[in-house]
1. With (1) modelled with pLDDT of 60 or more; (2) not in a helix (DSSP H, G or I) as the list, and MET1 as the residue in question, which single condition is left unmet?
2. Pick from THR126, THR110: which is of a type in the set (Ser, Thr, Tyr), exposed (fewer than 13 other Cβ atoms within 10 Å of the Cβ), closer than 25 Å to ARG75 by Cβ and modelled with pLDDT under 90?
3. From the residues in the range 21-42 that are closer than 19 Å to ALA100 by Cβ and touching a Gly at 6+ places or on another chain (Cβ under 8 Å), which one is modelled with the lowest pLDDT?
4. Among all residue pairs at least 6 apart or on different chains, which show Cβ distances below 6 Å where the first residue, located in the range 95-112, is on the phi < 0 side of the Ramachandran plot and the second is assigned to a loop (DSSP other than H, G, I, E, B) and of a type in the set (Gly, Ala, Ser)?
Amino acid sequence: MTATFLMSVIFGLAYGQAMSFCIPTEYMMHVERKECAYCLTINTTICAGYCMTRDVNGKLFLPKYALSQDVCTYRDFMYKTAEIPGCPRHVTPYFSYPVAISCKCGKCNTDYSDCIHEAIKTNYCTKPQKSYMVGFSI
């Protein structure tokens with residue numbers, strides 16, 4: 001084998017491994033409404049992982065769009081709807097949530113993603129729980 005061919009194979013394997021770190025990942029969320037009697041536990045998938053990025057030195061001379069970095073975000077997703085148990089008749093008991101089908105490294109789209117640096121940690125229940133199990137295999 002020539003050195004060029006061997007280096008391109010090694011680069012291809014390394015690049016493929018680096019790109020595979022942004023994948024659909026199991027996630028458990030807790031949903032409650034103040035009017036309803038129960039907290040609902042939902043198993044779903046979200047996009048999580050590592051994306052290759054770099055930081056440039058000449059930030060002052062670049063346009064703003066060139067300064068954004070890639071994040072692990074949704075390529076394909078669908079919404080599912082669950083019913084929160086114990087809601088009075090005047091309260092809509094339905095909650096829709098995204099399910100990641102595939103993921104990509106790209107710019108964060110605020111139309112369907114939370115793009116803040118650190119999320120507020122509120123993923124817990126203050127009421128009795130009811131589970132709504134959604135399979136993880138897609």
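1. Evaluating MET1 over (1) modelled with pLDDT of 60 or more; (2) not in a helix (DSSP H, G or I) leaves (1) as the failure.
2. Details: THR126 fails: closer than 25 Å to ARG75 by Cβ.
On inspection, the qualifying residue turns out to be THR110.
3. PHE21
4. LYS107/SER68
The values are calculated or read from the model by the stated rules, or taken from the named source; none is laboratory data. Since the model is a prediction, treat every value here as computed from it, not as a measurement. No Cβ is skipped: glycine too gets one built from the backbone with ideal geometry, and neighbour counts run over all protein chains shown.
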